[in-house]
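Here's the structure we're looking at; comments come further down.
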Protein chains: 2
Amino acid sequence: MKFFEDIEIGESATLGKHHFSAADIKRFAVRFDPQPFHMDEEAAKQSHFGSLVASGWHTAAACMRLMIDHQNAEAARMKTAGQTSARTGVSPGFKNLKWIKPVYANDTLIYRSEVIGKREVASRPEWGLVFSKFSAVNQKNEPVYEFEGALFVERRSG
Amino acid sequence: MKFFEDIEIGESATLGKHHFSAADIKRFAVRFDPQPFHMDEEAAKQSHFGSLVASGWHTAAACMRLMIDHQNAEAARMKTAGQTSARTGVSPGFKNLKWIKPVYANDTLIYRSEVIGKREVASRPEWGLVFSKFSAVNQKNEPVYEFEGALFVERRSG
């Protein structure tokens, strides 16, 4: 992760792809979202979705996984280049999460992030807050998911 | 689930409790949020958290599970009482999710919901939108999590 001062509003990144297999959709749903259209193809056919769909929280959790993988890859790249990677702090939360379209079994989503704002935090001089829009499209390039997240990022000057 | 017309703003429910074991925290993190302080006690001790903490998305997914269990229990209760249960549709998303405090290994959260608004939807006369605030406190009664969700609920008149 770059330091707070080096992050520019408007910069974007492709976080990666995630394929939603029927098995993975069911495995998540059994633990966290046991609704028939997430667990059983036949029940899903009878539902308003028409076929098996992923839990919205599965779509969200897969995004988190790709964010961490992306951060780790960037940290490794910076280390190789002899640069110091900034630490990231907690996320205080996020806003405006939208499940725009269903995610069906065998869909592959591409997740992206874009920096939409940043600000210093008077009470925590060693950290800055970075606001990003996270989004995903499916293999037909249809937007299916988005939210605006905030994350504390270490300041070089801190 | 009650029909849209029968849901009153201000009504609240206890959805249930969820205990976050160290094993469950790690199992979620390995798949969806592989950060050291979610996966390893020693690494967590060195972090700003001081001990193992659950992924924020684990806290969120556990809430979804309790929501569904609660809905299913209510539907069963209504069936026993000879009442018809309303169908629920998709959630278009939510707002203002906050991870207020860390959830540590062996914390037990109590999740609640409160109806904060409802409105008819001109384009979908068979459904109404119900807005709820979901929240969780830990065993010390400290607020740790909240968000405002929306859900389509069947209208009796639809």
Using alpha carbons only, how many angstrom separate the centre of region B:40-99 from the centre of region A:7-82? 17
When all Cα-Cα pair distances of the protein assembly as shown are considered, the percent exceeding 27 Å is 46
Inter-label distance, nm, simple model (7 Å from Cα along the C-beta direction), A:Asn141/B:Lys95: 3.2
Mind checking region A:99-143 for trypsin sites (Lys or Arg not before Pro) that DSSP puts in a loop (not H, G, I, E or B) and that have at most 14 other Cβ atoms within 10 Å? A:Lys140
From the label point of A:Pro125, set 7 Å from Cα along Cα→Cβ, how far away are the matching label points in the other copies, in nm, ordered shortest to longest? 6.5
Between 0 and 90°, nearest 10: helix A:56-80 axis offset from chain A longest Cα axis: 40
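Considering only DSSP states other than H, G, I, E and B, which GluC sites (Glu not before Pro) in region A:1-102 qualify as loop sites with at most 15 other Cβ atoms within 10 Å? Show your work: numbers first, answer last.
Numbers: sites: A:Glu5, A:Glu8, A:Glu11, A:Glu41, A:Glu42, A:Glu74; in loops: A:Glu8, A:Glu11.
Passing sites in region A:1-102 are A:Glu8, A:Glu11.
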Cα-derived Rg to Rh of region B:94-134, Kirkwood definition: 1.18
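Counting Lys and Arg as +1 and Asp and Glu as -1, each charge on the Cβ, what is the dipole of chain A about the Cα centre in debye, to the nearest 20?
Values: 21 positive and 19 negative charges, 42 e Å.
With only Lys, Arg, Asp and Glu charged at Cβ, the dipole is about 200 debye.
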Take peptide A:97-103, look around each residue's Cβ out to 10 angstrom, count Cβ atoms belonging to other protein chains, and average those counts. 3
Relative to the first principal axis of the alpha-carbon coordinates of chain A, what is the inclination of helix A:22-32, with its axis defined by its Cα atoms, in degrees from 0 to 90 and to the nearest 10? 80
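May I ask you to derive the relative contact order of chain B, considering only C-alpha pairs under 8 Å and at least 6 residues apart, and to give it as an integer percent? Please report the intermediate quantities before stating the final value.
Values: 313 pairs, mean separation 47.9, N = 158.
With pairs under 8 Å counted, the relative contact order is 30 percent.
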How far is B:Arg77 from the same spot in each other copy, in nm, shortest first, if each label point sits 7 Å from Cα toward Cβ? 5.3
Which of rounded, prolate or oblate describes region B:45-158 when judged by the alpha-carbon gyration tensor and an a/c cut-off of 1.5? prolate
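Every number here is computed from the coordinates shown, using simple stated rules; none is lab data. Quick caveat: nothing in here was measured; it's all calculated off a predicted structure. Reconstructed Cβ throughout: ideal geometry from the backbone, glycine too, with neighbour counts over all protein chains shown.
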